[in-house]
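Read through the structure below, which is laid out as structure tokens, and then see the notes.
The values are calculated or read from the model by the stated rules, or taken from the named source; none is laboratory data. The structure displayed is predicted, hence computed values, not measured ones. Here the Cβ positions follow ideal geometry from the backbone for every residue, glycine too, while neighbour counts run over all protein chains shown. For the accessible areas, the whole protein counts, side chains as well, though only heavy atoms, and no ligand, DNA or RNA atoms are used. Shrake-Rupley method; radii C 1.70, N 1.55, O 1.52, S 1.80 Å.
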Amino acid sequence: MLCNKNTVLVGKKILLVPYRIEHVAKYHAWMENEELRTLTASEPLTLDQEYDMQQKWQMDEDKLTFIILAREGDAFIPDTVNPTDSQVSSLPMVGDVNIFFSGTPLSVSESTNSPPFDDGQEFTAEAEIMIAEPLYRRRGYAQEALRLMFQYVTGCPTSYFIQNPRVETSQGEDTRQVSVKLPHSIPPTSLITRISDKNTPSIKLFERLGFRMTKHVEAFEEVELRWNAL
């Protein structure tokens, strides 16, 4: 999306940066892996097609994409930083996190505990997460990336997306506010995800963030989870 083309979300373990042209070659190399394409339901593309896709994603108002960078070393990184800063561009790419918007959202103040609707059409914000580099899995990067993304799109603190805030905070979890937000925040109750019913680790990850399973589509071997669907 154009609104996040210069946005960097700074976390404790990771940074989220907009998907830029310099990321395309690495991203294309990831997506040549058949297992990753299967997990992300992606079609194989040529490198030229991947460059075209990056340009389309940057302009797409219905898709929000960030590349996940791993913070390494002890260098200080301020909460407000440019994606082209050398401290940022030198960090390793490890994955990406996306949200696909469908419909027109009501404002947070207009929404209730039910998913928001506009003229009878449900608004949803579908989240996807991929840690493509095997060496960076099982380090908590996916969980932090999702919390930062959810905080960015909803305006709610990261502690909002914790199953048991007291336990997590006592273990030193970073629950600070990000310094930037979308121009128009969406209700957290609009957050959903769709995952292969065989992908147990991802299902458990979203459940730790407050999502609950609401649908099982056996024909597609897929489950749908919604935030705070009680």
What strands (runs of 3 or more DSSP E) lie completely within region 1-102 and have 2 or more residues being farther than 23 Å from Thr154 by Cβ?
-> 93-102
Is there any pair linking a residue in region 24-51 that is farther than 18 Å from Gly95 by Cβ to one that is modelled with pLDDT under 95 and of a type in the set (Gly, Ala, Ser), with Cβ under 6 Å and at least six apart or on different chains, and which?
-> none
Can you tell me which residue within region 190-230, out of those that are farther than 29 Å from Asn6 by Cβ and among the hydroxyl-bearing types (Ser, Thr, Tyr), is modelled with the lowest pLDDT?
-> Ser196
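For (1) more than 14 Å from the chain's Cα centre (by Cα); (2) outside any strand (DSSP E or B), each residue gets a yes or a no:
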site	(1), (2)
Thr193	no, no
Glu207	yes, yes
Thr214	yes, no
Ala219	yes, yes
Residue list for region 116-127, restricted to those being surrounded by fewer than 18 Cβ atoms within 10 Å (Cβ to Cβ) and at pLDDT below 90 | Phe117, Asp118, Asp119, Gly120, Gln121, Glu122
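Let's see how each residue does on (1) open to solvent by 70 Å² or more (accessible area, probe 1.4 Å); (2) under 19 Å from the mean Cα position of the chain (by Cα); (3) modelled with pLDDT under 90:
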position	(1), (2), (3)
Pro18	no, yes, no
Ala25	no, no, no
Arg37	no, yes, yes
Asp62	yes, yes, yes
Asp74	yes, no, yes
Ser90	yes, no, no
Met93	no, yes, no
Glu110	yes, no, yes
Ser114	no, no, yes
Scan of region 1-16 for residues that are closer than 17 Å to Gln54 by Cβ and either surrounded by fewer than 18 Cβ atoms within 10 Å (Cβ to Cβ) or free of Cβ contacts under 8 Å to residues at least 24 places away in the same chain (or both), ordered by number = Leu2, Cys3, Lys5, Asn6
Reported set for region 194-226 where residues are touching a Lys or Arg at 6+ places or on another chain (Cβ under 8 Å) and closer than 14 Å to Arg147 by Cα is Leu209, Phe211
